[in-house]
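K.L.:
One structure, as structure tokens, below. Some questions next.
A short reminder: the numbers here are calculations on the coordinates, not readings from a lab. As the structure is a prediction and not an experimental result, all values here were calculated from the model. Cβ placement follows ideal geometry from the backbone for every residue including glycine, while neighbour counts extend to all protein chains displayed.
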Amino acid sequence: MVKQIFPNATQHLIGGEWQDGAGDKEITIVDPATGKTLETMREASIDQVDAAVAAAAKALPEWSSWSINRRADLLLKVRSKIEANIDDLAMVLSIDNGKTIPEAKGEITRACEAIANAASAPMIYHSEAGNIAPGLDARRNRYPIGVCVAVTPFNFAVMNPSMFSAWSLVCGNTLVIKPSEQTPMASNFLVSLFKEAGVPDGVLNIVHGFAEVGQRLVASPEVAGISCITSTPVARAIYETGTAQGKRVQANGGGKNPYVVLSDADIDRAADGISDAAFGMAGQRCLAASRCIVMEDVFDEFVEKITERGKAFVLGDGRNPKATMGPLINAKSRDRVAKAIEDAAEAGATVVLDGRDHPVEGDDTAEGFFVGPTVITGLSHKHPVDAQETFGPFLVIHKVSSLEEALEIANDTEFGNAAAVYTSSGKTAQEFELGCNSGNIGINTFPAPPMNFTMGGMGTSFFGDIHVCGDGAMHFYTDHKVVVTRW
């Protein structure tokens, strides 16, 4: 079905040419809703990976000579292409990833937001100049850093490549994308729309494969900058490899995000927001709620309300209009969530809502990778289940007696990606903001920043110096020269 929409779904784009992979390993693309094989493709060979980098290097001089206004104008054409193809792109994304069609369209809308923001770069991409003394002037000019690489995850196979592509390209760089081998088709479709909009050959390339493909890209001597979103161990490895060679790296890792509910919170509002944060997109979001910390006097009420909302999710194929939650990406992810439930129960915790028992809508979903919303109480925050990233619809709820105790538990983690607090007190919200060690914080809402803001985590949720998006992206993807002149 995907190839009827987009015939190059299982190929690689190198120097403007779609080509079959020539690598030794086969990538099997599985429909997560049914467990059935959709397509197979060969990963890129090492020669193809090198060719993609070489194509990007060859295209760099001409592309970087374009004015930034011309590059920005082309990005607006890309955005229009994506908007015109949103239905087909959402369908491919749902097939590839498993998320519901509304979730897929929401992701694509965020991708368009990222592209539009990058298209505003001419407003901030400018030289600085000043007079130092009579006859002595100085100016600072920005320049692209060169060939860049983006390693992107399965959970946002359109939005994340769009973020990195838009900003790297508008700043005059060229790019090679290595998306997750689990969702190659949606990322390919996206890149094809960049190409159709007029992005020149070699400026944007995409190669697919397993770890060896990513490692080859990261280690390439022609690559100047690396952006990635992945697990913390992989982010750390990419950062260490890249920086050891003098490359710029922004490596985004995992998280174990705390959401706090205080006594003065609107409990219905908190339950609505946190159920979506924990269970939306099957919990496969970097900002997802995975730990909930609730004041003891509203604990029982909150647990009851969020359990009700968890039960109300309709599991099913993301293309099914009835479904409000799709499957996990693969069997390994499903089994990881199931194991977390087992481990919590064995530790004496209460499984208030067991996602393994959640009914699944549809006749062809018996072999799909489904686990429904899960709610756990009575588990020590020191237990490994509450420390490790589960990346699924799995929420552990802790009972506390004070904001200080809530912050202590919230900060007792190596991660620092996101957090949220629900309260009616502005003063308390500010105390939480100042005391919580997370890079993205929500107050009575999900902590997803708008695309014109530079964003990123703390701790082992991020390795690097400059975060993604906003003016941070411009600083990451450009270097500068200071020129002093005397006349």
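K.L.:
PRE reach from Lys58 (point 7 Å along Cα→Cβ): which of segment 168-202 fall under 11 Å by backbone N?
P.N.:
201-202, by backbone N distance to the label point.
K.L.:
Using 0.36 nm per residue, how much length does the chain from Thr350 to Glu222 gain when fully extended, once their Cα-Cα distance is taken away? The partial results should precede the final answer.
P.N.:
Numbers: separation 128, 0.36 × 128 = 46.08 nm, distance 5.35 nm.
Once the chain is fully extended between Thr350 and Glu222, it gains 40.7 nm.
K.L.:
To the nearest 10 degrees, how steep is helix 299-312 against the longest Cα principal axis of the chain, on a 0 to 90 scale?
P.N.:
70
K.L.:
Oh, and also: Give the cross-link partners of Lys36 among the aspartates and glutamates, using a straight C-alpha distance below 14 Å as the criterion and excluding same-chain residues fewer than 8 apart.
P.N.:
Once the sequence-local aspartates and glutamates are set aside, what remains near Lys36 is Asp96, Asp317, Asp363, Asp364, Glu367.
K.L.:
Trp487 to Ala116: FRET efficiency via 1/(1 + (r/R0)^6), r the Cβ-Cβ distance, R0 45 Å, to the nearest 0.05?
P.N.:
Efficiency, rounded to the nearest 0.05: 0.65.
K.L.:
Let me ask something else about it. Taking Cα centroids, how far is segment 333-369 from segment 246-320 in Å?
P.N.:
Taking the Cα centre of segment 246-320 as reference, the centre of segment 333-369 is 17 Å away.
K.L.:
Something else about it: So what are the ³J(HN,Hα) numbers for segment 127-137, from phi and the Karplus equation (6.51, -1.76, 1.60; θ = phi - 60°), rounded to whole Hz, Gly and Pro as x?
P.N.:
7, 10, 9, x, 8, 8, 7, x, x, 10, 10
K.L.:
Calculated FRET efficiency, Asp264 and Asp20, Cβ-Cβ r, R0 60 Å, to nearest 0.05?
P.N.:
The pair Asp264/Asp20 has a calculated efficiency of 0.50.
K.L.:
Between [x] 74, 59, 39; [y] 86, 70, 40; [z] 118, 58, 45, which matches Cα extents along the principal axes in Å calculated for the structure shown?
P.N.:
[x]
K.L.:
Quick one: order Ile206, Ile409 by neighbouring beta-carbon count within 10 Å, fewest to most. List each step's numbers first, then the result.
P.N.:
On the way: Ile206 29, Ile409 17.
Arranged by neighbour count, lowest to highest, Ile206, Ile409 become Ile409, Ile206.
K.L.:
Anything over 19 Å Cα to Cα? Flag those among Lys3/Lys195; Lys178/Lys339; Lys256/Lys339; Lys81/Lys195, in the order listed.
P.N.:
Lys178/Lys339
K.L.:
Tilt of helix 184-197 relative to the longest C-alpha principal axis of the chain, in degrees (0 to 90, nearest 10)?
P.N.:
40
K.L.:
Sticking with this structure for a sec: Rounded to whole Hz and in sequence order, give me ³J(HN,Hα) for segment 384-395 from the Karplus expression 6.51 cos²θ - 1.76 cosθ + 1.60, θ = phi - 60°, writing x for Gly and Pro.
P.N.:
Per residue, the Karplus-derived 3J(HN,Hα) values read x, 4, 8, 10, 9, 6, 8, 6, x, x, 9, 10 Hz.
K.L.:
Could I ask something else about it? Where does the chain land at 222 nm, in deg cm²/dmol rounded to the nearest 500, when only DSSP H runs of n ≥ 4 count, each adding -39500 (n - 2.57), divided by all residues?
P.N.:
Counting only the DSSP helices, I get -12000 deg cm²/dmol.
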